[in-house]
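Peer 1: Supplied in structure tokens, the structure appears directly below.
The values are calculated or read from the model by the stated rules, or taken from the named source; none is laboratory data. The structure presented is a predicted model; accordingly, all values stated were derived computationally and were not measured. Heads up, the Cβs are rebuilt from the backbone with ideal geometry, glycines too, and the neighbour counts pull from every protein chain shown. Side chains included, ligands, DNA and RNA excluded: accessible areas come from the protein's heavy atoms. Shrake-Rupley method; radii C 1.70, N 1.55, O 1.52, S 1.80 Å.
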Amino acid sequence: MVEDGGEEALLDTQSAEECLLCAQELVPAALEKARKAKGFPGRWRMIVSKLEQIPSRLSDLSSHPFFLKNALCKEQLQAVSRTLGDAITLADLCVKEKYGGKLQMQSDLHALSAKLDLNLRDCGLLIKTGVLGEATLPVTVKNPSEESESGNHCNLRELLARLQIGHLEAKHRALDSLVEVMKDDEKNVLSVLGRSNISALVQLLTATSPRIREKTVTVICSLAESGSCENWLVSEGVLPPLIRLIESGSTVGKEKATISLQRLSMSAETARSIVGHGGVRPLIEICCNGESVSQAAAAGTLKNLSAVPEVRQNLTDEGIVKVMINLLDCGILLGSKEYAAECLQNLTASNDNLRRSVIAEGGIRSLLAYLDGPLPQESAVGALRNLVGLVSMEVLISFSFFPRLVHVLKSGSLGAQQAAASAICKVCCSTEMKKLVGESGCIPLLVKLLEAKTNGAREVAAQALSSLVGLSQNCREVKRDEKSVPNLVQLLDPSPQNTAKKYAVSCLGSLSSSKKCKKLMISYGAIGYLKKLSDMEIPGAKKLLERLERGKLRSLFSRQ
């Protein structure tokens, strides 16, 4: 056949024009032989019809203005010549009826037909991809063994085109080069990447070779993490093969596939697609049995899925609640625990059945234990806030709920402190609960939270205090705090951005029974604020204003 070593060497020394002339000369010879071939008439008719299409493809290539300047053209012409040589050889055997056996010849003809399909497709792609007319900076290929495929320097677009053109092993070599290039020049690769290149990579995810799949998912993981082509990846069908890799890929393949899904699942639409393609069960398996990085990425993906309300029941049906609670207790990395807490927060956001499921699986205990760390996280406090309304006071006491809230208010992030104050608002539904919160030491910390930088934190701190001061012993503690009155008066600001003002009015109204507190309110300018709030009909503002103005008048008369 033409793939003889001597003929290969001869082809490599030819110029592009010589390769074109060789292919053009072989076409009529191949057609003549194929039309005379004996036996297998159906297969030979199909081969003839494909051979007849080759001249137009050769014409398309040769008429391109950059035909002589691109290595891919020459390589493609060489591939066509080899296929034409195979056609002539097989046709000769059939004409002379000297082939070894029918089954072998049927197999050879099938392979020839596939090569012709590949040649026709690749010639078309070479024009379609635009690689012939593009010029980019050359990229050094560091592995010397790949010089014959892409040279010491190759054009980036040419390299990407090689992912689509040629046989699987050629694509594998191109993939090796691309992995190397991505390590050093990812930005440049992303700048020239096209949708057809994405499609070619996605197709390589299902290659029979595990090595090709692993290298391909490594590139796709980089693309997903870059944030520049998520839509293309999803629209080209990347989700099902990624999920299959999570199920049965190598350790590296599973890790890269899971990280890819974590990034892609940030879109709600993609999250729904992952669930629809059966991705939940493999992700849960990784959470239970995976390596540390894969486990964290799987937990992060499930957290993203749980943010979509309509799929939460699907997740629960697959046993996600127990798995996330187990991650809170035993997760390998801190990131796994954090994602698990966020997932539980999402699951318990609006569904009492899911809340009861988390409580029944021991979620309260695990979430509270997770808060014992030096930097308690907002997600765990948020999940607890969602659950406390369905738990008895006795259970909360037995789990040391209130001392842990104090720990959060002292040491947590601002978001965690805000969630803790919100949890206090939810539990203060009885006198006994308000007493427990007050005795736990939360009040001074809530007063301090009134100074927070965010409006949301200030509002929920004021709301918690307005609930607590209804109990006299709590009210006395708030009065004793030197910062309580000035902080609350600041929250009387009438601007629309300040949503804490109604709770500040309520708190100050409870404190106004104290002459000292009333004087402080007046001295910090509460009357001016309250006049504006009265005009805005904020509940309690007018009544508090009247109290302060009466107190101010009495103070004036007493001085006279």
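Peer 1: Would you tell me the accessible area of Met266, worked out with a 1.4 angstrom probe on the heavy atoms of the protein chains, in Å² to the nearest 10?
Peer 2: Its accessible surface works out to 130 Å², give or take rounding.
Peer 1: Then there's this: Got a sec? What order do Asp185, Asp535, Asp60 fall in by accessible area at 1.4 Å, biggest, i.e. largest, first? Display every interim value, and only then the final one.
Peer 2: Working: Asp185 55, Asp535 130, Asp60 80 Å².
The ordering from most to least exposed comes out as Asp535, Asp60, Asp185.
Peer 1: Within 11 Å, Cβ to Cβ, of Arg281, how many net charges do the neighbouring residues add up to if Lys/Arg are +1 and Asp/Glu are -1?
Peer 2: Numbers: positive: none; negative: Glu247, Glu285, Asp317, Glu318.
The answer is -4.
Peer 1: Quick one: which residues, 5+ away or cross-chain, put their amide H under 5 Å from the amide H of Gly540? H built at 1.01 Å from N.
Peer 2: Residues meeting the amide H criterion: none.
Peer 1: A further question follows. Could you sort His277, His407 by their accessible area in this structure, using a 1.4 Å probe and putting the largest first?
Peer 2: Working: His277 85, His407 50 Å².
Descending accessible area places them as His277, His407.
Peer 1: Give the accessible surface of the chain per residue, rounded to a whole number of Å², with probe radius 1.4 Å and ligands, DNA and RNA excluded.
Peer 2: Numbers: 25660 Å² over 560 residues.
I get 46 Å² per residue for the chain.
Peer 1: Moving on to the next point. Heavy-atom accessible area of Ile397 with all protein chains present, probe 1.4 Å, nearest 10 Å²?
Peer 2: Surface accessible to solvent at Ile397 totals approximately 80 Å².
Peer 1: I would also like to ask the following. Under a cut-off of 18 Å between alpha-carbon atoms, report the lysines in cross-link reach of Lys256, not counting same-chain residues fewer than 8 places apart.
Peer 2: Lys256 reaches Lys183, Lys215, Lys303.
Peer 1: Please list, in order along the range 451-461, the HN-Hα scalar couplings obtained from phi with the Karplus expression 6.51 cos²θ - 1.76 cosθ + 1.60 (θ = phi - 60°), rounded to whole Hz, x for Gly and Pro.
Peer 2: 8, 4, 6, 9, 4, x, 5, 4, 5, 6, 5
Peer 1: Output wanted: per-residue J couplings in Hz (rounded whole) for the range 56-62, from phi through Karplus 6.51 cos²θ - 1.76 cosθ + 1.60, θ = phi - 60°, x for Gly and Pro.
Peer 2: Couplings: 5, 5, 5, 5, 4, 5, 5 Hz.
Peer 1: A follow-up question, please. Under the rule of -39500 (n - 2.57) per DSSP H run of 4 or more residues, summed and divided by the residues of the chain, what mean residue ellipticity at 222 nm is obtained, to the nearest 500 deg cm²/dmol? Kindly include the intermediate steps, with their values, before the conclusion.
Peer 2: Numbers: 35 runs with 416 residues, N = 560.
Result for the chain: -23000 deg cm²/dmol, rounded to the nearest 500.
Peer 1: Protein chains only, probe 1.4 Å: how do Glu342, Glu537 rank by accessible area, largest first? Mind dumping the intermediate values first?
Peer 2: On the way: Glu342 50, Glu537 150 Å².
Largest to smallest exposure gives the sequence Glu537, Glu342.
Peer 1: Now a separate question. Please give me the summed charge of the neighbours of Ser472: other residues whose Cβ is under 11 Å from its Cβ, Lys and Arg +1, Asp and Glu -1. Numbers along the way, then the final one.
Peer 2: On the way: positive: Lys434, Lys435, Arg476, Lys479; negative: Glu477.
Here the count lands on +3.
Peer 1: Can you check what the net charge comes to around Glu361, using other residues whose Cβ is under 12 Å from the Cβ of Glu361 (Lys, Arg +1; Asp, Glu -1)? Walk me through the numbers before you get to the answer.
Peer 2: Details: positive: Lys322, Arg355, Arg356, Arg365; negative: Asp329.
Value of the local net charge: +3.
Peer 1: So, taking all protein chains as they sit and a 1.4 Å probe, how much accessible area belongs to Lys183, in Å² rounded to tens?
Peer 2: Counting only protein heavy atoms, the figure is 140 Å².
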